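Encoded as C-alpha cells, the structure appears first; notes follow it.
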Amino acid sequence: MIVLQARRHYKPIALALLLLAVLVVVLPPLLLFPTYSPEMTTLTLPEPDVIGSMPLSTAMRDSGYSSVLSDHQMRIDEVSQLLWAVQGITHGSVFRAVPSAGATYPLELFFVQMDESELEEGYYHYIPQEHQLEWVNTTVDRGVVLSAFMGDDRTAVSSVSTVYFILANYSRTTARYGDRGIQYVNLETGHAVQNFLLQLSSLGLKTRPITQFGKVWIQNLLSTSFVPLVALPVGLGNDGASVPQARVHFCCAEENEATVEQAIMKRRSTRDYINGTIPFTVIADILNDSSSIEYLDTDSSILDVRVVAGQVDGLGPGSYNYWLVNGSFTELSTLDLRGDLMTAGLSQPWIEDAQLDLVISVDMGWVNAEPDSSYAHRVAMISIGMMAQNICLKGAAYGLGTVTVGAFYEDQVATVVDLPGGFKPIYIMPIGLTSEFVG
Ligand SMILES: Cc1cc2nc3c(=O)[nH]c(=O)nc-3n(C[C@H](O)[C@H](O)[C@H](O)COP(=O)(O)O)c2cc1C
C-alpha cells in the first residue's frame with residue numbers, strides 16, 4: 001500500500017522531469033538547426049591554375065599559417081584553386097592531389113560562407129570528380145559557427161568570412177584495412193592540411209588550423225555524419241611572428257624550381273626506380289624544407305626520422321638519425337639495411353629498390369601520457385602526414401619517385417632501424433631515382 005502511494009507521487013514528478021529534459025535537450029538544437037531541407041544547387045568551379053608562380057620551397061618556408069587572421073572575401077577562382085590542391089583530381093579520373101591508402105579516399109571537404117561575396121552565403125561541399133560545389137543556400141548564423149570554437153580559435157574564426165572543414169568517412173578505409181585504417185585516414189588528413197597550407201601560401205592567404213572544436217555542432221551545421229577533423233578559417237595573415245623560421249637552403253636556384261601547383265600535379269606514388277645515385281645535397285634539401293611544418297598541438301620532439309641509405313652520393317650506405325631540430329645527420333650503422341627493411345615492409349620491393357628510405361616514427365610514450373591519447377595520436381598522425389606530403393612534393397619537384405608505405409610489421413621495422421624504446425614506426429618512405437631527375 002505504501003509502495004503504491006509512493007508511486008502515485010513519483011509519477012507526476014517523473015513526467016515533469018521528462019518534459020523539462022525535452023525542453024532543455026531537444027528544443028535548442030531544433031531552433032538552431034531547423035529541420036527544413038534548404039535548397040541545394042550544383043556549381044561548376046573555374047579550372048584550377050596548374051602552373052602557378054610561387055616556388056615550392058618558398059611556400060614551404062613561408063607557410064600559409066597565421067595565428068591571427070583578418071577578413072578576405074574569397075574569390076571563386078581562389079576557392080577553386082584551394083579545393084583542387086587539397087582533393088582535386090590530378091592524374092587519371094580517380095587519383096587525387098594527396099595520396100590515399102588503397103585509393104579509398106575517405107576525406108570530404110566542406111566550407112561555410114558566412115557573408116555574401118562572389119560566393120553566396122551558405123555551406124558548400126566539394127565534389128572532386130567534377131570539380132564542382134554543392135551549395136546549400138541557407139543563412140549561416142555566425143554565432144552558431146562560433147559556438148563550436150574556444151579562445152584564440154574562436155577569435156580567428158570570428159575574423160573571417162569563410163571556414164573550411166576537412167571531414168572523414170573512416171569506414172571507407174577501415175572497411176579495407178580494419179582498425180589500422182583509422183591511422184591511415186589521420187595521416188591522409190595531414191597530407192591534405194599540408195597542401196591546403198602550401199596552396200594558401202601561394203595565394204597570399206593564411207589559415208589557423210584548428211583540431212579541437214565542437215564536432216557534433218559542426219556536423220549539425222553541415223547536415224553531415226562525416227567526422228570533422230580540422231577546421232581552417234581562411235583570411236589574411238596579421239602577424240609575422242608564428243611563421244616557421246626559414247632555415248638554411250642547401251641547393252638549387254629557386255627560379256629553376258617547380259611551383260607549388262606543378263609539384264602537386266607531378267606527385268604520384270612511384271614504385272619503379274632506375275639505377276644510379278642521388279646526391280646527398282638533394283636529400284638534405286628535401287629533408288630541410290620538408291621538416292618546416294606547422295605542428296598542430298604537437299612539436300618535433302615526438303617524432304623520429306631515420307634515413308636508410310643505399311645509393312646516396314656523399315652519404316655512405318647505412319642508417320642515420322635525422323635531427324629535426326637542426327637538420328643534422330648522425331650515423332647509426334654502416335650496413336645497407338634496405339633489404340631487411342623491405343622484408344619488414346611486407347616484402348614491398350620498392351623499399352629495397354629505392355636509393356634510400358626514410359622511416360618516420362612517433363613517440364608512443366608521449367601519446368599514451370596525454371589525457372586524451374586518441375586525440376594525441378590523431379594530431380601526431382596529422383603532423384607526420386604533413387611532413388610526408390612535403391617530402392612527396394619536394395621529391396616530385398626534383399623528379400624523384402616517392403611512395404608513402406603504411407603497411408609493414410612494426411616490430412620488425414623498429415628492430416631494423418634500432419628505434420628508441422617506445423617509438424612506433426608510422427611510415428616507410430622510399431625515395432628513388434626516375435628518368436625525370438633534375439639534380
Ligand atoms: C596512409 C597511407 C598508406 C599507404 N600505404 C601504402 C603501402 O603500404 N604500399 C604502397 O605501395 N602504397 C601505399 N600508399 C600509397 C597509395 O597506394 C596511393 O596513394 C594511392 O594508390 C593513390 O595513388 P597516388 O598516390 O599515385 O595518387 C599509402 C598511402 C597512404 C596515404
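Yes or no: ASP71 within 19 Å of PRO48 (Cβ to Cβ), charged (D, E, K, R) and either more than 16 Å from the ligand (Cβ to nearest atom) or within 20 Å of the chain's Cα centre (by Cα) (or both)? Considered against the rule, which asks whether it is within 19 Å of PRO48 (Cβ to Cβ), charged (D, E, K, R) and either more than 16 Å from the ligand (Cβ to nearest atom) or within 20 Å of the chain's Cα centre (by Cα) (or both), ASP71 comes out as no. Kindly evaluate ALA101 against the criterion of being outside the structural domain of THR402 (by TED's automatic domain parsing), farther than 22 Å from ASP71 by Cβ and more than 20 Å from the chain's Cα centre (by Cα). In short, no. The residue that is farthest from PRO48 (Cα to Cα), among those in region 262-274 that are within 17 Å of the chain's Cα centre (by Cα) and assigned to a helix (DSSP H, G or I), is ALA263. When region 214-235 is filtered for residues that are over 21 Å from VAL185 (Cβ atoms) and either outside the structural domain of LEU69 (by TED's automatic domain parsing) or buried (at least 24 other Cβ atoms within 10 Å of the Cβ) (or both), the ones remaining, listed by number, are LEU221, PRO233, VAL234, GLY235.
The set of residues in region 387-412 being within 12 Å of the ligand (Cβ to nearest atom) and β-branched (Val, Ile, Thr) consists of THR402, VAL403, THR404, VAL405. Total residues in region 162-177 satisfying the condition of being crowded, with 22+ Cβ neighbours inside 10 Å and either outside the structural domain of LEU109 (by TED's automatic domain parsing) or under 30 Å from ASP49 (Cβ atoms) (or both): the figure is 6. Residues satisfying the criterion are present in region 196-208 (criterion: more than 16 Å from the ligand (Cβ to nearest atom), modelled with pLDDT of 95 or more and among the β-branched types (Val, Ile, Thr)). Looking at the structure I just gave you, is VAL79 assigned to a loop (DSSP other than H, G, I, E, B), of a type in the set (Val, Ile, Thr) and under 21 Å from GLU130 (Cα atoms)? Against the criterion (assigned to a loop (DSSP other than H, G, I, E, B), of a type in the set (Val, Ile, Thr) and under 21 Å from GLU130 (Cα atoms)), VAL79 does not qualify.
The values are calculated or read from the model by the stated rules, or taken from the named source; none is laboratory data. Here the structure is a predicted model, which is why all the values come from computation and not from measurement. Cβ coordinates were reconstructed from backbone atoms using ideal geometry, including for glycine residues, and neighbour counts include every protein chain displayed.
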